[in-house]
1. Would it be correct to say that VAL44 is at pLDDT below 85 and of a type in the set (A, V, I, L, M, F, W, C)?
2. Out of everything in the range 234-246 that is open to solvent by 30 Å² or more (accessible area, probe 1.4 Å) and not in a loop (DSSP other than H, G, I, E, B), what residue ends up being nearest to GLY91 (Cα to Cα)?
3. Mind checking whether some residue in the range 226-233 is assigned to a strand (DSSP E or B), buried (at least 21 other Cβ atoms within 10 Å of the Cβ), at pLDDT below 95 and touching a Lys or Arg at 6+ places or on another chain (Cβ under 9 Å)?
4. In the range 171-215, which residues are assigned to a helix (DSSP H, G or I), of a type in the set (D, E, K, R) and surrounded by 21 or more Cβ atoms within 10 Å (Cβ to Cβ)?
5. Considering only residues of the range 159-170 that are at negative phi and not hydrophobic (A, V, I, L, M, F, W, C), which is least open to solvent (accessible area, probe 1.4 Å)?
6. For the range 55-81, give me each residue that is open to solvent by 50 Å² or more (accessible area, probe 1.4 Å) and modelled with pLDDT of 75 or more.
7. What residue, among those in the range 236-247 that are of a type outside the set (D, E, K, R) and at pLDDT 95 or above, is nearest to MET186 (Cα to Cα)?
8. Which residue is least open to solvent (accessible area, probe 1.4 Å), if the candidates are limited to the range 9-54 and must be part of a loop (DSSP other than H, G, I, E, B) and not small (Gly, Ala, Ser)?
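The values are calculated or read from the model by the stated rules, or taken from the named source; none is laboratory data. Just so it is clear, the structure is predicted and the values come from calculations on it, not from any experiment. In this analysis, Cβ positions are derived from the backbone assuming ideal geometry, glycine residues included, and neighbour counts consider all displayed protein chains. For the accessible areas, the whole protein counts, side chains as well, though only heavy atoms, and no ligand, DNA or RNA atoms are used. Shrake-Rupley method; radii C 1.70, N 1.55, O 1.52, S 1.80 Å.
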Amino acid sequence: MFYVRSLIMKPEGRRQYVLEALEEAREVSVAELSRTTGVSEMTVRRDLEGLEREGVLKRVHGGAVSAASRGYEPPYALRSGRAPYAKRDIGQKAASLVNPGETVAIDVGTTTVELARALSSADNLTVLTPSLRVAEHLTANRAIRTIVTGGIARHGELSMVGDLAERAFESLHCDTAFLGAGGVDMNAGVTEFNLEDTRVKRAALASARRCVVLVDSSKLGKVALASICPLERVDVLVTDGGATPDALASIREMGVEVLIA
């Protein structure tokens, strides 16, 4: 309850809470949301109206049901507020895999930004990234050579997409690609919401000898719209302690090293 109360002062926090509730139950009621968040039912209805315009839910009498498709990508501001401590720990764990002198590709996303934070004081490192957010955390350190791909900047995400971004990876070669994802599933593999970002992720993966995927445990078993790669292509998966033992065992059986942050 403290977590919920800490969010209600801002609409973004309440919207995030609604998304999490829908993910668990697929249906929410106005009365229950009003009770758990401590705001009026009128405020809850306004929040639901906004989420309906984004296409993530459909309002019904007394509440709402999930309408999110596999291609729906929650706004960056909402995603960044979800599981922040798990993402921080995942980023720090992933940073321990980087050695001085290496060239690494760091993908876009809320978890990979935490990797950039953890690497911001690294020494003798070259980073290639399609993320302006990642670059922002690295460029203050003169010991890190930061290469930002060209391309078109996606509004809100600040990721670089298009032919220029893809060709940047085709002309350069990395030791490790650190990728974020919308889902990791035994059958579907590693998947993502946005088709343009997915194409850049594939190019980054093709440029690297090693693939490290960074996802919080809520992404395990989920399938997003577009396929990045089969699970067999992943060398290391870094996640948090919320993952079930059965899920982790299945991933390890595919030959993937699993690290718990």
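1. Working: at pLDDT below 85: no; of a type in the set (A, V, I, L, M, F, W, C): yes.
No.
2. Taking the range 234-246 as the starting set, the residues that turn out to be open to solvent by 30 Å² or more (accessible area, probe 1.4 Å) are 235, 241-242, 244-246.
Next, only the ones that are not in a loop (DSSP other than H, G, I, E, B) stay: 245-246.
Working: PRO245: 21, ASP246: 23 Å.
Across the range 234-246, the extreme among qualifying residues is PRO245.
3. Of the range 226-233, the ones assigned to a strand (DSSP E or B) are 226-229.
Of the ones still in play, those that are also buried (at least 21 other Cβ atoms within 10 Å of the Cβ) are 228.
Remaining after also requiring at pLDDT below 95: none.
Scanning the range 226-233 turns up no residue that is assigned to a strand (DSSP E or B), buried (at least 21 other Cβ atoms within 10 Å of the Cβ), at pLDDT below 95 and touching a Lys or Arg at 6+ places or on another chain (Cβ under 9 Å).
4. Residues of the range 171-215 assigned to a helix (DSSP H, G or I): 195-206.
From what's left, of a type in the set (D, E, K, R): 196-197, 199, 201-202.
Within the range 171-215, ASP197, LYS201 meet the criteria.
5. Initially, the range 159-170 is screened for residues at negative phi, giving 159-161, 163-170.
Filter once more, so that each one left must be not hydrophobic (A, V, I, L, M, F, W, C): 159, 163, 166-167, 170.
Numbers: SER159: 1, ASP163: 91, GLU166: 25, ARG167: 124, GLU170: 126 Å².
Of everything passing the filter in the range 159-170, SER159 is least open to solvent (accessible area, probe 1.4 Å).
6. Of everything in the range 55-81, those that are open to solvent by 50 Å² or more (accessible area, probe 1.4 Å) and modelled with pLDDT of 75 or more turn out to be LYS58, ARG59, VAL60, HIS61.
7. We begin by selecting, within the range 236-247, every residue of a type outside the set (D, E, K, R); these are 236-239, 241-245, 247.
This time we only want the ones that are at pLDDT 95 or above, so: 236-239.
On the way: VAL236: 15, LEU237: 13, VAL238: 16, THR239: 15 Å.
So the residue we want is LEU237.
8. We begin by selecting, within the range 9-54, every residue part of a loop (DSSP other than H, G, I, E, B); these are 9-10, 26, 38-40, 54.
Checking the rest, the ones that are also not small (Gly, Ala, Ser) come to 9-10, 26, 39, 54.
Details: MET9: 160, LYS10: 136, ARG26: 131, VAL39: 28, GLU54: 69 Å².
Per the criteria, the residue is VAL39.
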